[in-house]
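Please treat every number below as a calculation from the coordinates, not as lab data. All values reported here derive from a predicted model rather than from experimental measurement.
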């Protein structure tokens, strides 16, 4: 099981496979704007501070949204699409 840290000081702990960063934030009742949960709306942008190699690959819908937001190729993901894979640690920041 992977480990997820959400800054600023929102969460630090293990995350079951398949659970998105957005799902963790919603369970914490953390303030996060979201709408579609498919990577299209662009509302749930997060910055990957460390461990990006331990996240699932960016899909086509999310890739297009990151391009529209002008952050493609930078350490950003949509929280609804980003999932920790494997046993590594990922540190993200709510934007």
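The table below lists the values:
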{"quantity": "Cα gyration tensor, region 10-95 - rounded (a/c under 1.5), prolate or oblate", "calculated": "oblate"}
{"quantity": "Of all DSSP beta bridges in the chain, antiparallel share, percent nearest 5", "calculated": "75"}
{"quantity": "Ellipticity estimate at 222 nm from DSSP helix runs (n ≥ 4, -39,500 (n - 2.57)) divided over the chain, nearest 500", "calculated": "-4500 deg cm²/dmol"}
{"quantity": "Value of relative contact order over region 2-94, rounded to a whole percent, pairs C-alpha under 8 Å and six or more apart", "calculated": "45"}
{"quantity": "Alpha carbon centroid spacing (whole Å) that separates region 20-46 from region 56-87", "calculated": "12"}
